[in-house]
Amino acid sequence: MSHYVPGDVLLVPFPHEGEPTKVRPAIVIATQPGGDLCLCLIRSNPRGGATCIPISIDDFDEGGLDLFSESYVQTDTVRK
């Protein structure tokens, strides 16, 4: 099993506007006993009415996303 830590970015299926799921980047915000993860969705645009935190490539110590512009961590969408 892989070991992830808060701050890691993964590609995961999230529910998406009438579609069953859409693969999107997500950031690990916490790890649970047994290896379960808590993730927040990363979006290319802030969603109206949602609390979104801007991130850029400079926010990563290593790795990151293929960011051509600012992206946003959507804090009201947590997947466990």
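The values are calculated or read from the model by the stated rules, or taken from the named source; none is laboratory data. Everything numeric here is computed off the predicted structure, so don't read it as measured data. Cβ: placed from backbone, ideal geometry, glycine included. Neighbour counts: every protein chain shown.
Considering only residues that are of a type in the set (S, T, N, Q) and assigned to a strand (DSSP E or B), which ones fall in segment 15-47?
Going residue by residue through segment 15-47, those that are of a type in the set (S, T, N, Q) are 21, 31-32, 44-45.
Answer for segment 15-47, where residues must be of a type in the set (S, T, N, Q) and assigned to a strand (DSSP E or B): 21, 31.
Residue 17 versus (1) surrounded by 12 or more Cβ atoms within 10 Å (Cβ to Cβ); (2) at positive phi: which is the lone unmet condition?
Among (1) surrounded by 12 or more Cβ atoms within 10 Å (Cβ to Cβ); (2) at positive phi, the lone unmet condition for residue 17 is (1).
Cβ-Cβ under 9 Å, sequence separation 6+ or interchain: first residue in segment 32-54 and at positive phi, partner in a loop (DSSP other than H, G, I, E, B) and surrounded by 14 or more Cβ atoms within 10 Å (Cβ to Cβ). Which pairs?
Sorted first by the residue in segment 32-54, then by its partner, the pairs are 35/4.
Could you look through segment 47-57, keep only residues that are surrounded by fewer than 16 Cβ atoms within 10 Å (Cβ to Cβ) and modelled with pLDDT of 75 or more, and pick out the one that is farthest from residue 25 (Cα to Cα)? Explain how you work it out, then say what you get.
Of all residues in segment 47-57, those surrounded by fewer than 16 Cβ atoms within 10 Å (Cβ to Cβ) come to 47-51, 53-54, 56-57.
In the following step, the residues that additionally are modelled with pLDDT of 75 or more were identified as 47-48, 51, 53-54, 56.
On the way: 47: 15, 48: 19, 51: 17, 53: 14, 54: 14, 56: 14 Å.
Looking at residues that are surrounded by fewer than 16 Cβ atoms within 10 Å (Cβ to Cβ) and modelled with pLDDT of 75 or more, I get 48.
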